[in-house]
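What follows is one structure encoded as structure tokens, with my remarks underneath.
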Amino acid sequence: MRRDIFQAIADPTRRAIIALIALQAMTPNALAEHFDTTRQAVSKHLRILTECELIKQEQKGREIYYQLEIDKMKEIDKWLEQFRKIWETRFGQLDELLSTIKKQKNEQ
């Protein structure tokens with residue numbers, strides 16, 4: 001089953017996991033210590049993030065470490081960039097309108 005990236009990052013726990021492993025690779029047990037939930041629940045979140053290719057596993061000795069998949073995060077950022085440009089343009093137009101209104105009030 002192919003999971004949707006945006007559904008995956010919509011969950012606050014998964015966003016928190018991404019934020020934690022953005023700083024450093026972590027084991028499932030180390031991640032679970034940051035949440036008031038079971039180790040199994042954290043493993044389910046990790047599985048979903050892995051299926052979406054937002055994180056990847058690396059075996060180091062007997063431990064599995066999860067780390068952020070930077071290229072996939074860049075894809076999300078690239079997709080969001082189109083909306084960022086639209087918002088910036090609209091905010092710029094709003095600033096111009098507010099300046100015009102303010103000038104008109106000061107001239108009265």
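The values are calculated or read from the model by the stated rules, or taken from the named source; none is laboratory data. This is a predicted model, so every value here is computed, not measured. Methodologically, a virtual Cβ is constructed for each residue, glycine included, from the backbone with ideal geometry; neighbour enumeration extends over all protein chains shown.
Would you mind stating whether residue 76 is in contact (Cβ under 8 Å) with a residue 12 or more places away in the chain, at negative phi and assigned by TED's automatic domain parsing to the domain that holds residue 31? Before the answer, list the steps.
Details: in contact (Cβ under 8 Å) with a residue 12 or more places away in the chain: yes; at negative phi: yes; assigned by TED's automatic domain parsing to the domain that holds residue 31: no.
The answer is no for residue 76.
Does the range 61-72 contain at least one residue that is of a type in the set (Asp, Glu), exposed (fewer than 15 other Cβ atoms within 10 Å of the Cβ) and in a strand (DSSP E or B)?
Applying the first criterion (of a type in the set (Asp, Glu)) to the range 61-72 yields 63, 69, 71.
Checking which are exposed (fewer than 15 other Cβ atoms within 10 Å of the Cβ) leaves us with 63, 71.
If we keep only those that are in a strand (DSSP E or B) as well, we get 63.
The answer is yes; a qualifying residue exists.
Please pick out the residue among 18, 9, 5 that is within 16 Å of residue 58 (Cα to Cα) and β-branched (Val, Ile, Thr).
Values: 9 fails: within 16 Å of residue 58 (Cα to Cα); 5 fails: within 16 Å of residue 58 (Cα to Cα).
Only one candidate qualifies: 18.
Within the range 57-88, restricting attention to residues that are among the polar types (S, T, N, Q) and modelled with pLDDT of 90 or more, which residue is farthest from residue 26 (Cα to Cα)? Steps first, answer last, please.
Here is the first cut: in the range 57-88, the ones among the polar types (S, T, N, Q) are 57, 59, 67, 82.
Applying the additional criterion that residues be modelled with pLDDT of 90 or more yields 57, 59, 67.
On the way: 57: 10, 59: 11, 67: 7 Å.
Ranking the qualifying residues of the range 57-88, first place goes to 59.
What pairs can you find where one residue is in the range 28-45 and farther than 12 Å from residue 65 by Cα, the other is among the polar types (S, T, N, Q), and their Cβ atoms are less than 7 Å apart, with a gap of 6+ or different chains?
35/13; 39/29; 45/13
Scan the range 13-57 residue by residue and report those that are in contact with a Pro (Cβ under 9 Å, 6 or more places away or on another chain) and either among the aliphatic types (A, V, I, L, M) or not in a helix (DSSP H, G or I) (or both). Before you say what the answer is, go through the steps one by one.
Of all residues in the range 13-57, those in contact with a Pro (Cβ under 9 Å, 6 or more places away or on another chain) come to 39, 42-43, 46.
Scanning the range 13-57 gives 42, 46.
Can residue 10 be described as among the small types (Gly, Ala, Ser), surrounded by 14 or more Cβ atoms within 10 Å (Cβ to Cβ) and out of contact with any Pro (no Cβ under 8 Å at 6 or more places or on another chain)? Show your work before the answer.
Numbers: among the small types (Gly, Ala, Ser): yes; surrounded by 14 or more Cβ atoms within 10 Å (Cβ to Cβ): no; out of contact with any Pro (no Cβ under 8 Å at 6 or more places or on another chain): yes.
It is false that residue 10 is among the small types (Gly, Ala, Ser), surrounded by 14 or more Cβ atoms within 10 Å (Cβ to Cβ) and out of contact with any Pro (no Cβ under 8 Å at 6 or more places or on another chain).
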